[in-house]
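The block underneath contains the structure these notes are about, expressed in structure tokens.
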Amino acid sequence: MKYSKKERQKLLKQTIEDNPFITDDQLATKFNVSVQTIRLDRMELSIPELRERIKDVAAHNFENEVKTLPLDEIIGEIIDIELDERALSIFDVTEDHVFQRNGIARGHHLFAQANSLAVAVIDDDLALTVKSDLSFTRPVYAGDRVIAKATVTSRDDKNRTFVNVTSTVNGTTVFTGDFEMYRTKGKGE
């Protein structure tokens, strides 16, 4: 369907308000226009690019929630968190994150996203990784958006919290990790 510029911009604004994590590519497809047209529309409407929208959402919603580390030390952008329960982050893989030879993302970036999310989900002033069991299940490439979901699976009386992190790209699992985390507060404190 072809929209007038005014209609498209109105729908664009509403679409981004409904889903601030939608990409310019997705918007271009939705409105059957070029990515450049979407960028120009966003500029006219004073709508920031995706990365800035994500940072804005994270800063407003989670800066007082995460206790274990500052938001700027988390790899990826937290988009949802309930301390000691679950957390969700997104990480956009760029050319800087991949091997030049084959275009596959370096594993330490996926690990860093998962590990920092496992730290962030802990409701304590300090959380450290004791050990982890990791599986990389599919290659990740530049342009992929990695969504990591952390779930606290249990806590024990020895100041340990166990966190499972599953990372996906377009709904397909690319990484899993089970993290044993040390915290300063014990169970029930």
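Summary table below
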{"quantity": "Relative contact order of the range 67-183, pairs being alpha-carbon contacts under 8 Å that are 6 or more residues apart, as %", "calculated": "29 percent"}
{"quantity": "Equivalent ellipsoid, the range 5-47 (semi-axes from 5 times Cα gyration tensor eigenvalues, Å)", "calculated": "13, 12, 10"}
{"quantity": "Two-site FRET efficiency, Glu82 against Thr172, from Cβ-Cβ distance with R₀ of 22 Å, rounded to 0.05", "calculated": "0.30"}
{"quantity": "Nearest 10 degrees, 0 to 90: helix 5-18 Cα axis against the chain principal axis", "calculated": "10 degrees"}
{"quantity": "Relative packing of peptides 75-85, 90-100 - highest average C-beta neighbours within 10 Å first", "calculated": "75-85, 90-100"}
{"quantity": "Sequence ranges 27-33, 144-150, ranked by mean other-Cβ count within 10 angstrom, highest first", "calculated": "144-150, 27-33"}
{"quantity": "Euclidean distance between Cα centres, the range 116-142 to the range 148-185, Å", "calculated": "6 Å"}
{"quantity": "Nearest-ten-degree value, helix 50-62 long axis tilted from longest Cα axis of the chain", "calculated": "40 degrees"}
{"quantity": "For the chain, convex hull of alpha carbons as volume per residue, Å³", "calculated": "127 Å³"}
{"quantity": "In degrees, nearest ten, helix 107-120 long axis to first principal axis of the chain (Cα)", "calculated": "70 degrees"}
{"quantity": "CD proxy at 222 nm, helix term only [per DSSP H run n ≥ 4: -39500 (n - 2.57); per residue of the chain; nearest 500]", "calculated": "-9500 deg cm²/dmol"}
{"quantity": "Too-long pairs where the Cα-Cα distance tops 21 Å, listed order kept, from Lys13/Lys149; Lys2/Lys30; Lys131/Lys185; Lys5/Lys30", "calculated": "Lys13/Lys149"}
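Taken together, the values in this text are just the output of simple stated rules run on the coordinates, not laboratory data. As the structure is a computational prediction, the values presented were derived from the model and not from experiment. Cβ atoms come from the backbone with ideal geometry, glycine included; neighbour counts cover every protein chain shown.
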